[in-house]
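Novice: Here it is, the structure in full.
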Amino acid sequence: MTRSAQAPRSSYSFPITLLTALAGGGAFMLLGLPLPWLLGPMIATLVASNLLKNYYAWPGQVRNAGMIIVGYTIGLSLTRSALKEMAHQLPSMVLMTTLLLLFCAGIAAIVSKISGSNYRTILLGSIPGGLTQMLMLAEETEDINITVVTVIQVVRLMMIIICVPLLIYSPLFGNLPGSESAGILAAGTASAWNALFPNIIYFAAACTVCGILGQKINFPTAYLLGPALITAILQLSGLQGPILPGAITSAAQLMIGVFVGLLLDPRKLNNKLLTLSLALGSGIVLIAGSYGLGLLFAYYEAVSGSTALLSLAPGGMDQMSLIAHEVGADLPTVAGYQLFRTFFIFFAVPPLYKLIFREKKSRPSAVG
């Protein structure tokens, strides 16, 4: 029984998952929905995998390949002038990131009081950092419900990936599905595939090596940041990186979207209704807060609403950069703010978190 149950997963899981993802992307394309090759595969595999769990799997290497492609795209946008502009915006990055994290801490406090849940668990679920990083921190901390942290993080990420494009394409921002992205994809298609060579070989090798090395030294979001940094360095050194055809960027969206779609398994949850309600509620409030901070950012920095929201949206840097690429937002600004928050959370949040809660834990014993 065990072997036959595992057989479909081992033999057919990847092609079944890929076909489901292609069907989801195709359906979104036909319906004219935004980001069809990111959202379509994500939602299709989320639904299908929870109906037929043993038939769905997605190798991490495929998702990593998608992140390398996105990292390369980000690196292409990090020109000398873009980096100078990012340096000028460093004080704004510090301020906006701090405000966002304080807002997340406030949401966690409210959710914790309403639900009676452990504040530290809700806080780790609410911090907009990498899922892997937050789970590692949760495993090192006492009295943490790792399942709840995982669910809140995944639901937040999925809500942002779904809701932010809908906001970007809504009348609030004035973007139309396919308007800016059509121009970008047309540019990619206009450049013939043979125009990629030979330079793409050098960039592909360098991006892959830097992604792997970054992962080995525990570099944050290594398969994204490693390629982005080496691409920027090579470009600044004078080696011109070719623009990728639209088919490649669409494939990268699918690779990442499927991985996110397979993260959530509601059947593993205790108190499903309560936990999912808390995750959805906190996600909605977080998106609303990000929108408010985005308005403030757009006003003071004179950037477009799309650029401001994508810069501050507490989603993954890879997804926000993909959306920025599709809607024609200022990709260097979006990548710069997302990159700064990634590093800030990676280096500053874990020691601060441990310090704060260690002090709180020691206070009662000192009084006693």
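Rundown of residues vs (1) assigned to a helix (DSSP H, G or I); (2) under 22 Å from the mean Cα position of the chain (by Cα), yes/no style:
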| site | (1), (2) |
| --- | --- |
| Ala205 | yes, no |
| Cys210 | yes, yes |
| Phe219 | no, yes |
| Ala228 | yes, yes |
| Ile233 | yes, no |
| Gly238 | no, no |
| Pro242 | no, no |
| Ile248 | yes, yes |
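Novice: In addition: Restricting to the range 75-123, give me the number of residues that are open to solvent by less than 60 Å² (accessible area, probe 1.4 Å) and either part of a helix (DSSP H, G or I) or charged (D, E, K, R) (or both).
Specialist: Residues in the range 75-123 being open to solvent by less than 60 Å² (accessible area, probe 1.4 Å) and either part of a helix (DSSP H, G or I) or charged (D, E, K, R) (or both): 25 in total.
Novice: Report whether or not Leu322 is surrounded by fewer than 17 Cβ atoms within 10 Å (Cβ to Cβ), outside any loop (DSSP other than H, G, I, E, B) and either among the basic types (Lys, Arg) or modelled with pLDDT of 75 or more (or both).
Specialist: no
Novice: Residue under question is Leu264, and the condition is that it be surrounded by fewer than 14 Cβ atoms within 10 Å (Cβ to Cβ) and within 27 Å of Leu167 (Cβ to Cβ); does it hold?
Specialist: Against the criterion (surrounded by fewer than 14 Cβ atoms within 10 Å (Cβ to Cβ) and within 27 Å of Leu167 (Cβ to Cβ)), Leu264 does not qualify.
Novice: If I ask for residues that are within 24 Å of Phe28 (Cα to Cα) and either under 22 Å from the mean Cα position of the chain (by Cα) or outside any helix (DSSP H, G or I) (or both), which ones from the range 51-63 would you list?
Specialist: Once the filter is applied, which keeps residues that are within 24 Å of Phe28 (Cα to Cα) and either under 22 Å from the mean Cα position of the chain (by Cα) or outside any helix (DSSP H, G or I) (or both), the range 51-63 yields Leu52, Tyr56, Ala57, Trp58, Pro59, Val62, Arg63.
Novice: May I pose another question? Are there any pairs with C-beta distances below 6 angstrom linking a residue in the range 304-315 that is under 16 Å from Met159 (Cα atoms) and crowded, with 24+ Cβ neighbours inside 10 Å to a residue that is modelled with pLDDT under 85 and not aliphatic (A, V, I, L, M), with the two at least 6 apart or on different chains, and if so which?
Specialist: Pro314/Pro128
Novice: Something else about it: Which of the following residues is farther than 30 Å from Gly116 by Cβ and either of a type in the set (D, E, K, R) or touching a residue at least 60 places away in the same chain (Cβ under 8 Å) (or both): Leu213, Leu295, Leu224?
Specialist: Testing whether each residue is farther than 30 Å from Gly116 by Cβ and either of a type in the set (D, E, K, R) or touching a residue at least 60 places away in the same chain (Cβ under 8 Å) (or both) leaves just Leu224.
Novice: In addition: Considering the range 130-148 alone, what residues qualify as being modelled with pLDDT of 65 or more and not small (Gly, Ala, Ser)?
Specialist: Met134, Leu137, Glu139, Glu140, Thr141, Glu142, Asp143, Ile144, Asn145, Ile146, Thr147, Val148
The values are calculated or read from the model by the stated rules, or taken from the named source; none is laboratory data. Quantities reported herein were computed from a predicted structural model and do not represent experimental measurements. Counting neighbours? That spans all protein chains shown, and the Cβs are built from the backbone with ideal geometry, glycine included. Note: accessible area is taken over every heavy atom of the protein model, side chains too, but ligands, DNA and RNA are not part of it. Shrake-Rupley method; radii C 1.70, N 1.55, O 1.52, S 1.80 Å.
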